Amino acid sequence: MTVTPEVIREVLNSVDIEGLLQVGAPADEYESEAQMIATAISQTSESDLTEERLLHVIRRVWTEMFGPFSDEEIKKRDAVFLQVARQILA
């Protein structure tokens, strides 16, 4: 499966997990995160690219770029992370 960083950034921008675009951050705010997720996808075989695996990738990238997060903070974001994973896989 080939998913470009641009497509992932569009998904991340539409969801705006951290609300940064809403408060005036530039449109490329999530570009690094999109690239990191795209790289992880490209290193995963299509048969192994499950919703759960992609959810784990998104959690890891988000924690690396915006964390550290407590378990509670991750749980608060999980529904949105899942939404992002599903949109990327669609």
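Does Ile17 count as touching a Lys or Arg at 6+ places or on another chain (Cβ under 8 Å) and in contact (Cβ under 8 Å) with a residue 40 or more places away in the chain? Please lay out each step first, then the result.
On the way: touching a Lys or Arg at 6+ places or on another chain (Cβ under 8 Å): yes; in contact (Cβ under 8 Å) with a residue 40 or more places away in the chain: yes.
Yes: the conditions hold for Ile17.
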Quiz item: In this structure, is Met65 among the aliphatic types (A, V, I, L, M), within 21 Å of Leu89 (Cα to Cα) and exposed (fewer than 13 other Cβ atoms within 10 Å of the Cβ)?
Solution: no
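Mind telling me which of the residues Ser32, Ser47 ends up being among the polar types (S, T, N, Q), in a helix (DSSP H, G or I) and over 15 Å from Met1 (Cβ atoms)?
Ser32
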Quiz item: Can you tell me which residues in region 75-90 are assigned to a helix (DSSP H, G or I) and open to solvent by 30 Å² or more (accessible area, probe 1.4 Å)?
Solution: Lys75, Lys76, Arg77, Asp78, Ala79, Val80, Leu82, Gln83, Arg86, Gln87, Leu89
Quiz item: Restricted to region 28-59, and to residues that are among the charged types (D, E, K, R) and without any contact (Cβ under 8 Å) to a residue 12 or more places away in the chain, which residue is least open to solvent (accessible area, probe 1.4 Å)?
Solution: Asp48
Quiz prompt | Subset of region 1-27 [of a type in the set (A, V, I, L, M), in a loop (DSSP other than H, G, I, E, B) and surrounded by 14 or more Cβ atoms within 10 Å (Cβ to Cβ)] | solution = Val3, Ile17, Leu20, Leu21, Ala25
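The values are calculated or read from the model by the stated rules, or taken from the named source; none is laboratory data. The structure presented is a predicted model; accordingly, all values stated were derived computationally and were not measured. Because the Cβ atoms are built from the backbone with ideal geometry, glycine has one as well, and the counts that use them run over all protein chains shown. These area figures cover heavy atoms from the full protein model, side chains too; ligands, DNA and RNA do not enter into them. Shrake-Rupley method; radii C 1.70, N 1.55, O 1.52, S 1.80 Å.
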